[in-house]
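The next block holds one structure in the form of structure tokens; read it before the comments.
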Amino acid sequence: MACRAAGHSDKVRGMPFTQTVLEKLYRSPGEFVSRAEAPEEALAELAGLGYVIETHPHWGVRLLQSPDRLMAEDLQARLRTRVIGREVLVFEETASTNDVVAQLAQADRAEGTVVFAESQTRGRGRHGRSWVSPRGKGLWFSVLLRPTFPISRLTVAAAVAVVRTVGSSARIKWPNDVMWDGKKLAGILTEARGNVAILGVGLNVNGKSEDYPAIATSLEMATGKAQDRVGLAVRLLAEIEDYYRKARDDFNSVSREWANHCTTLGKQLIVTMGPRRLEGQAYALDENGALILRRDNGQTERILGADVTVEHG
Ligand code: BTN
């Protein structure tokens, strides 16, 4: 695999003891943990990685600040999920995290494996468009899933998970765009490989306008404040776990929530599917997450996001 892993030394990979210490520090934010639970060697290693840890002669140690860097052990120490993030890999740079997950799927890796990259050299979006992934400015990751339902539901569920993470000022533009003030904040690329689904998410977090194409925005630009990127990653993975389950067990509720955040429903659309060009009103989602288009001639068509480009007419 043509990518470099970021994170701790080989010594701690596998059964990392820094992760155990981090778990204790994160379990009680702002509180002291006894020195007996935080060996000197682990504290030194964490300090070297950029963690700011306060040491008190009687009360022990507490975490004051974590580095703005994605690291597998850190993410796993914070995650409370059961499936998503069972295994986490972080690369300094790769071509596309979706491609890495496709390779891992071939090697039969566990469902819920998540691959992050600090930057992508060939990040891609739908229809082969490129996805700009500047180093350390966003969350560029993919999740290996084996859903027992159509992947079109997954795209819908993931969009809701993103909105729940960033806040409801974000709006969903069907099929997979998360927008803020009319600019693109996040994109979702869901790809199928046999019974595996690769859920790729790109979320612009801390960049400025020069870091992104003109049609895009970041959370920092949108809110005027730099964001806690790693904390956001943990919250987003937790939401993805929740909405992945709901997509299977209660897609109606996901669909209702999606409709509340969506700017496309009710709009007149021009949909291009290969050689076909359809016009009509975006009416609803069906039980599999396809958009039902009510055509001007009264007929309805099911539109799947993977097949179409949409212009809002
Ligand atoms: C789109 O808006 O068309 C989808 C963009 C998806 C981008 C993400 S970034 C992580 C993952 N790896 C990729 O190459 N693409 C997705």
When (1) within 30 Å of K208 (Cβ to Cβ); (2) within 13 Å of the ligand (Cβ to nearest atom); (3) assigned to a helix (DSSP H, G or I) are applied to F116, the one that fails is (3)
Are any of the residues in the range 63-78 more than 29 Å from N176 (Cα to Cα) and loosely packed, with under 13 Cβ neighbours inside 10 Å?
-> yes
Looking only at the range 128-155, which residues are more than 14 Å from the ligand (Cβ to nearest atom) and either open to solvent by less than 10 Å² (accessible area, probe 1.4 Å) or touching a helix residue (DSSP H, G or I) at 6+ places or on another chain (Cβ under 7 Å) (or both)?
-> P147, T148, F149, S152, R153
Residue check for G30: over 29 Å from V101 (Cα atoms), touching a Lys or Arg at 6+ places or on another chain (Cβ under 8 Å), modelled with pLDDT under 95 and of a type outside the set (A, V, I, L, M, F, W, C) | yes
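For L189, state whether it is within 13 Å of W131 (Cβ to Cβ) and surrounded by 19 or more Cβ atoms within 10 Å (Cβ to Cβ).
On the way: within 13 Å of W131 (Cβ to Cβ): yes; surrounded by 19 or more Cβ atoms within 10 Å (Cβ to Cβ): yes.
Here the answer is yes, as L189 does meet what is asked.
So that you can scan it fast, the table gives a plain yes or no per residue for (1) modelled with pLDDT of 95 or more; (2) under 25 Å from R80 (Cβ atoms); (3) under 12 Å from the mean Cα position of the chain (by Cα); (4) surrounded by fewer than 22 Cβ atoms within 10 Å (Cβ to Cβ):
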residue	(1), (2), (3), (4)
D181	yes, no, no, yes
G207	no, no, no, yes
T223	yes, no, no, yes
E239	yes, yes, yes, yes
Residue ID - surrounded by the most Cβ atoms within 10 Å (Cβ to Cβ), chosen from residues in the range 241-259 that are touching a residue at least 40 places away in the same chain (Cβ under 8 Å) and closer than 16 Å to N176 by Cα | A247
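The values are calculated or read from the model by the stated rules, or taken from the named source; none is laboratory data. Keep in mind that this is a model prediction, so the values were computed, not measured. All Cβ positions, even for glycine, are placed from backbone atoms using ideal geometry, and neighbour counts span all protein chains on display. SASA here: full protein model, heavy atoms, side chains in, ligands and nucleic acids out. Shrake-Rupley method; radii C 1.70, N 1.55, O 1.52, S 1.80 Å.
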